[in-house]
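Data first, discussion second: the structure below is written as structure tokens.
The values are calculated or read from the model by the stated rules, or taken from the named source; none is laboratory data. From a predicted model like this one, the values you see are computed outputs, not experimental measurements. Positions of Cβ are generated from backbone atoms using ideal geometry, with glycine treated the same way; all protein chains shown enter the neighbour counts. Only protein heavy atoms, including side chains, enter the accessible area calculation; ligands, DNA and RNA are left aside. Shrake-Rupley method; radii C 1.70, N 1.55, O 1.52, S 1.80 Å.
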Amino acid sequence: LKEGVVDNLIARYDDEFKSKLAFERSIEQHMRDALTNGEYAIYLQPQFSLEDGSLVGAELLCRRDSPELGFLAPDRFIPQFERNGFISELDFYMMEQACSLYPLVDHPRSDGTPVHLAVNFSRVTMLQNDFVERFDSVVRRFDIPASFLHVEITESAFSADEKVIIDIIADLQERGFPIAMDDFGTGYSSLSLLKSMPIDVLKIDRGFLSASEDDVRSRRVLEYVIPLANALGIDTVCEGIETAEQAALLRSLECDIGQGYYFARPMPLAAFRERYASAR
Ligand code: C2E
Ligand code: MG
Ligand code: MG
Ligand code: MG
């Protein structure tokens, strides 16, 4: 990736527009144009049942593919998008893409429930006044069953002070949209969150796997959290599974679902279609 390209862009814009407002508008327009021009690519990472290895769903992950900037991972642009609010455009774009894929992945899992797609929603998106309205209008437009669309929200957004978010989450859950708490274990997680928050799926952060066998304390946490979630009727997904040993460990702990490079990397839509659309 060409470092300095962004700085050059910014410098150029700064010269062209003396006022800060005009500058910010131009950046925002640039992002909108990029969205319209399809410069954000959708990647899908499949999720598998750890019990029988069948495909249960996939997570949509965004990539920026820009003529000027090259190929960018979300960490390179999402923080900025969260600062300027543009993240909601991206999140709803991803949601629309997920809904439009319903016919492609519309087939039952081995347990009879349908294969799902999971979309990440930033807390910034959820805090926008028209969030529920926009969410509902997409759902109506595509006519998808609620259970198809998993709503992923990072653990850090589940703060008791964010009454607005908790209310929205509870409302979505009541209407049947499964709620997944993402990156569990990275924030100031409290186990009481599991008891009090309306969640259906717990996505355990890959941090608990990184040090693998030697990391006794991480392993103890997994041994504790997974049965606890299971006992509460919450589905468990472990992210970032990279080795057969990790997959075996999680299977032995009765973690429901695995996601990670060991099974499959996030892949462009075409590859996903090729590999999984025929899984019927
Ligand atoms: P996330 O939602 O926790 O997504 C999982 C991340 O782990 C993805 O990174 C995925 O590529 C990576 N991953 C999956 N398996 C493995 C593995 O086995 N090993 C390792 N080392 N990594 C693995 P990615 O795609 O770079 O996304 C980073 C974060 O950006 C996501 O974390 C999510 O929080 C955010 N993000 C991505 N797309 C969107 C989006 O459309 N909207 C919002 N709001 N956030 C998004
Ligand atoms: Mg996620
Ligand atoms: Mg995560
Ligand atoms: Mg995340």
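Yes or no, residue by residue, for (1) more than 27 Å from residue 100 (Cβ to Cβ); (2) part of a helix (DSSP H, G or I); (3) within 16 Å of ligand 2 (Cβ to nearest atom); (4) in contact with a Cys (Cβ under 8 Å, 6 or more places away or on another chain):
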position: 202; (1), (2), (3), (4): yes, no, yes, no
position: 229; (1), (2), (3), (4): yes, yes, no, no
position: 241; (1), (2), (3), (4): yes, no, yes, no
position: 248; (1), (2), (3), (4): yes, yes, no, no
position: 263; (1), (2), (3), (4): no, no, yes, no
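Pairing each residue of the range 230-248 that is of a type in the set (Val, Ile, Thr) with any residue that is more than 16 Å from ligand 4 (Cβ to nearest atom) and part of a loop (DSSP other than H, G, I, E, B), provided the two are 6+ apart or on different chains, yields C-beta distances under 7 Å for 234/200; 236/255; 236/256; 237/256; 241/262; 241/263; 243/262. Considering each of 226, 257, 199 in turn, give the residue that is crowded, with 19+ Cβ neighbours inside 10 Å, in contact (Cβ under 8 Å) with a residue 60 or more places away in the chain and out of contact with any Gly (no Cβ under 7 Å at 6 or more places or on another chain). The match here is 257. Please tell me if residue 169 is under 16 Å from the mean Cα position of the chain (by Cα), more than 14 Å from ligand 3 (Cβ to nearest atom) and surrounded by 21 or more Cβ atoms within 10 Å (Cβ to Cβ). It is true that residue 169 is under 16 Å from the mean Cα position of the chain (by Cα), more than 14 Å from ligand 3 (Cβ to nearest atom) and surrounded by 21 or more Cβ atoms within 10 Å (Cβ to Cβ). Looking across the range 154-165, the residues that are closer than 20 Å to residue 186 by Cα and either open to solvent by 30 Å² or more (accessible area, probe 1.4 Å) or not β-branched (Val, Ile, Thr) (or both) come down to 154, 155, 156, 157, 158, 159, 160, 161, 162.
Within the range 11-70, the residues that satisfy the criterion of being open to solvent by 70 Å² or more (accessible area, probe 1.4 Å) and in contact (Cβ under 8 Å) with a residue 60 or more places away in the chain are 24, 51, 68.
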